[in-house]
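Everything below concerns the one structure shown next.
Read the figures in this text as sums done on the coordinates, not as results from a lab. All of these numbers come straight from a predicted model, not from anything done at the bench. When we count neighbours, we look across all protein chains shown, and the Cβ atoms used for this are built from the backbone with ideal geometry, even at glycine.
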Amino acid sequence: MVELLRSPRRLLLFAFEGVLVAIVLIVAACVRLGLHDGLTYPHIAKKALLVGLVVQGAAYYAGLYELHSVQTARALFSGMLKALALASVILWGLFYAVRPLEIGRGIFVPAIAITAVTVPTWRLLYNRISSNAGFLRRTLILGNGDLAHEIATLIREAPDCGLELVGLLSRDRISMTHGQEGVIGTYAELRDVVERQEIKSVIVAYPDRRGTLPVEQLLEVKFRGVEVEEGVSFYERMAGKIFVRELKPSQLIFAEGFTSRPTTRRLKRIFDVIVAGIGLAMAAPLMLLTALAIKLDSPGPVLYTQTRAGEFGRLFTILKFRSMRTDAEKNGAQFAKENDDRVTLVGKFIRKTRLDELPQLWNVLRGDMSMVGPRPERPVFIEQLDQQVPFFKQRLYVKPGVTGHAQVRCKYGATADDMIEKLQYDLYYIKSYSLLFDLSIMLDTIKVVLLRIGAR
């Protein structure tokens, strides 16, 4: 959901296809019943809107808006069938529970069948048209460092960004010679490259810009109608994370964001208490079954307690269902690993399904944690990682969360590189702190749990 909200093109595609589904249902009703007074707005249009919303929600959870991975006809049609199967189950449940919403099988089944063909066919057409060079802005990257090549990769792998990467410019011939693939010139040649290659967009992705950039040429091409965009901002908008490898303290201090209003914090706390309270009440039977399974599977306590660092480093005791043997840390604290032999049989299941996290809802009610935030780390690991990962302690500026932006975007970190990747998402979350962002992350969490993505 975060990716969907961050991409206007993707959001527009989502809305258009929802309208398309609603239109298919209305057409199916007209064919089945004929045109008469019963097919007025109160009777059909509202139902069509409901069906469109449910189908689109199911399509999102089926991965149809991860545009980089659903380009082929096979991926589109199979994904649409999964989405329609899920949507049909939800809608039939709604029809049974709320009779006024019911749509007859003579209308509903043909509408679903037509949608299964219409939407993927439309998407194939859209993919072909949108990937045509005539519909893409020819883009040049000014820079040849890590950030520049990360941006180049993002553009190549993002079908919905609307950009065609022409190449990169290096500071001089020496760095151009030792640069990576894709460098087509130097800063001094900016004006000529823009004119010759018909560039429509320039992304400035050079970290140390003082006295080195072709300022006059940049101003000239900008005045001539070429869009000039700062690389760090572009990267954050496209990737949903902050590039920490070339991050300077001034970018944190003077950039927009990295603040929260008292009203936002109060609303977030109210939201946390309501969701955690309802969650505990609804999950109580499941938690009892989980506790029983743990007790039968291995000796030891059902709950596992551990000291973690909370907001601004305040220590608290976190609660989790025990998923490892009781002697898991007999040799000292260590990160979890892939196929960790310390994890019990039941532990593997509750980690994959995130059931081991349910007791943390009590931590949320106590105020130690929030529903959404960076993963709570152990103090011993924070001290270690602060020496290896720049700005790692800044993730303590907000309460840790049961789920978070990093948790739904990448796997649990077990190395310094993994932690850098997670930190980039955590810092972006702290910078973009809002209740709407929290809601979108919680919707993504449902998708992660259902598809069992990223758990260890």
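At a glance:
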read-out: DSSP H segments from the chain that extend 15 Å or more along their own axis, Cα-based, with Kyte-Doolittle mean of 1.6 or above; value: 8-33, 435-451
read-out: Read-out semi-axes √(5λ) of the Cα gyration tensor in Å, derived from the coordinates shown; its label in (1) 39, 37, 19; (2) 41, 28, 17; (3) 39, 25, 23; value: (1)
read-out: DSSP beta bridge pairing in the chain, given as percent antiparallel to the nearest 5; value: 30
read-out: Shape call, region 2-130: gyration tensor on alpha carbons, a/c limit 1.5; value: prolate
read-out: Reach of residue 222 by Cα under 20 Å, taken over lysines that are not fewer than 8 positions away in the same chain; value: 200
read-out: Contour minus Cα-Cα distance for residue 216 and residue 125 (0.36 nm per residue); value: 28.6 nm
read-out: Pairwise label distance in nanometres, residue 30 with residue 251, each label 7 Å out on the Cα-Cβ vector; value: 5.3
read-out: Charge dipole (the chain, unit charges on Cβ, about Cα centre) - positive-most of 8, 361, 226; value: 361
read-out: Candidate lysines for bridging to residue 422, where Cα separation is under 21 Å - those fewer than 8 sequence places away on the same chain excluded; value: 241, 248, 337, 352, 393, 399, 411, 431, 447
read-out: Ranked by how many other beta carbons lie within 10 Å on average, peptides 24-33, 55-64 from highest; value: 55-64, 24-33
read-out: Net length gained if the chain between residue 305 and residue 263 were fully extended (0.36 nm per residue, minus Cα distance); value: 11.9 nm
read-out: Check: region 136-239 dipole with +1 on Lys, Arg Cβ and -1 on Asp, Glu Cβ, in debye; value: 200
read-out: CD proxy at 222 nm, helix term only [per DSSP H run n ≥ 4: -39500 (n - 2.57); per residue of the chain; nearest 500]; value: -17000 deg cm²/dmol
read-out: Mean projection area, nm², convex hull over Cα of region 136-239; value: 6.0
read-out: Normalised alpha carbon radius of gyration of region 262-451 [divisor 2.2 N^0.38 Å]; value: 1.00
